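Notes for the one structure printed next.
The values are calculated or read from the model by the stated rules, or taken from the named source; none is laboratory data. Note that the structure is predicted; figures quoted are calculated from it, not measured. Reconstructed Cβ throughout: ideal geometry from the backbone, glycine too, with neighbour counts over all protein chains shown. Side chains included, ligands, DNA and RNA excluded: accessible areas come from the protein's heavy atoms. Shrake-Rupley method; radii C 1.70, N 1.55, O 1.52, S 1.80 Å.
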Amino acid sequence: MDISKKDWKLFQEKLPSWQENYMQKLVKEYAEYLNDDTKKPSERFWWMEKRIKEDRHHPGVILEMRKSEVIWNLEYLVRLGVITCEDLKDFSEELQQQVREATKRHC
């Protein structure tokens, strides 16, 4: 499906805030773990280093923006819990329907 210019522009506008929200969730997880005094400082340090390496490649943190991949990216973001189907309410009904069909378990 070729997406409309309106949906493409909307995706470009919304993605940064979705990613900020996801990263905020990560920061809270990190803080919770790092403040756990039952673990040794070295354990917390190496856990943090590993998590950041993993998380920096997550679509909730970084995502290549190509018009041709918007629907696939939206499906992926829904499946990973970065966004919900409710977050798509401003997009065209056609795009929403395609994402809902591809992510039935999540919508």
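Axis angle, to the nearest 10 degrees, between helix 93-102 and the longest C-alpha principal axis of the chain: 50 degrees. Taking all protein chains as shown and a probe of 1.4 angstrom, TRP47 keeps an accessible surface of around 60 Å². Which of CYS85, PRO16, LEU34 sits closest to the plus end of the dipole of the stretch 16-107, meaning its Cα is farthest towards the positive end, when Lys and Arg get +1 and Asp and Glu get -1 on the C-beta? Farthest towards the positive pole: LEU34. Using only Cα atoms, find the angle between the long axis of helix 70-79 and the longest principal axis of the chain, and express it within 0 to 90 degrees, rounded to the nearest 10. Approximately 50 degrees, to the nearest ten. Among the GluC sites (Glu not before Pro) in the stretch 33-96, those placed in a DSSP loop whose Cβ has at most 10 other Cβ atoms within 10 Å are GLU64.
Shown are THR103, THR38, THR84, whose ranking by accessible area with a 1.4 Å probe and every protein chain present, most to least, is THR38, THR84, THR103.
Treating the angle as unsigned and between 0 and 90°, give the value, to the nearest 10°, between the Cα long axis of helix 5-34 and the longest Cα principal axis of the chain. Result, in degrees: 20. Springs join every pair of Cα atoms under 10 Å in this Gaussian network model of the chain, and among PHE45, PHE91, PHE11 the largest mean-square fluctuation is at PHE45. Taking all Cα pairs closer than 8 Å and separated by 6 or more residues, the relative contact order of the chain comes to 33 percent. Remark: for residue pairs LYS25/LYS67; LYS14/LYS104; LYS25/LYS104; LYS9/LYS67; LYS6/LYS67; LYS25/LYS53, the C-alpha separation exceeds 18 Å in LYS25/LYS67; LYS14/LYS104; LYS25/LYS104. Can you give the accessible area of ASP55 in Å² (nearest 10), computed on protein heavy atoms with a 1.4 Å probe? The accessible area of ASP55 comes to roughly 20 Å².
For the chain, the share of accessible area belonging to carbon and sulfur comes to 51 percent (1.4 Å probe, ligands and nucleic acids excluded). Its Cα centre serving as origin, the chain has a Cβ charge dipole (Lys and Arg +1, Asp and Glu -1) of approximately 180 debye. Return the distance in nm (one decimal) between the two label points of a simple spin-label model at CYS107 and GLU86, each offset 7 Å from Cα along Cα→Cβ. Computed distance between label sites CYS107 and GLU86 equals 1.6 nm.
Using the 1.4 Å probe convention, the accessible area of the chain works out to 68 Å² per residue with neighbouring protein chains retained.
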